[in-house]
1. For segment 16-32, which positions are at pLDDT 90 or above, assigned to a loop (DSSP other than H, G, I, E, B) and crowded, with 21+ Cβ neighbours inside 10 Å?
2. Sort out which residues of segment 68-93 are modelled with pLDDT of 85 or more and more than 12 Å from the chain's Cα centre (by Cα), and write them in order of number.
3. Taking the residues in segment 40-58 that are closer than 13 Å to Ile81 by Cα and either loosely packed, with under 14 Cβ neighbours inside 10 Å or over 9 Å from the mean Cα position of the chain (by Cα) (or both) as candidates, determine which candidate is modelled with the highest pLDDT.
4. Restrict the check to segment 4-14 and report whether at least one residue is within 20 Å of Glu76 (Cβ to Cβ), touching a helix residue (DSSP H, G or I) at 6+ places or on another chain (Cβ under 9 Å) and at pLDDT 90 or above.
5. Out of curiosity, is Val52 without any contact (Cβ under 8 Å) to a residue 60 or more places away in the chain, out of contact with any strand residue (DSSP E or B) (no Cβ under 7 Å at 6 or more places or on another chain) and not in a loop (DSSP other than H, G, I, E, B)?
6. Going by what's in this entry, would Ala36 be described as crowded, with 16+ Cβ neighbours inside 10 Å, in contact (Cβ under 8 Å) with a residue 60 or more places away in the chain and hydrophobic (A, V, I, L, M, F, W, C)?
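The values are calculated or read from the model by the stated rules, or taken from the named source; none is laboratory data. Note that the coordinates shown come from a computational prediction; the quantities given were computed from them, not determined experimentally. Cβ atoms come from the backbone with ideal geometry, glycine included; neighbour counts cover every protein chain shown.
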Amino acid sequence: MYLLTKIEGDLESGAYASVDDDGTPIVQFFVSKDDAITYNTMLEAIDQNIAVTEIDSDYLDKFCSVIGHAYTIVDEGEIVIPKLETLTHTLID
């Protein structure tokens, strides 16, 4: 699995989370590295300076529990487009 972090390969540098309509921060985990890179490229185009980091899928629940965020899994080939009108990010240090 892959997620977006402040520093490539460094989970402790901060995880990128979008915010849903209710204000709940949600970390997106991508099954495919290529899909994570595509999403990251879209975010870079709007000046979000983040990187793709791999995480073992066995740690998703624990990781999100520690940072207090919900999460979603983006299946391979699923296209995710940032919504500019609701775009917010959180980098948990």
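1. None; the set is empty.
2. The answer is Asp75, Glu76, Gly77, Glu78, Ile79.
3. Start the filter on segment 40-58 by keeping residues that are closer than 13 Å to Ile81 by Cα, which leaves 40-46.
With the extra rule that they be either loosely packed, with under 14 Cβ neighbours inside 10 Å or over 9 Å from the mean Cα position of the chain (by Cα) (or both), the set shrinks to 41-46.
Working: Thr41: 91, Met42: 88, Leu43: 86, Glu44: 85, Ala45: 83, Ile46: 80.
That would be Thr41.
4. Yes: segment 4-14 contains one or more residues that are within 20 Å of Glu76 (Cβ to Cβ), touching a helix residue (DSSP H, G or I) at 6+ places or on another chain (Cβ under 9 Å) and at pLDDT 90 or above.
5. no
6. Judged against the criteria, Ala36 is not a match.
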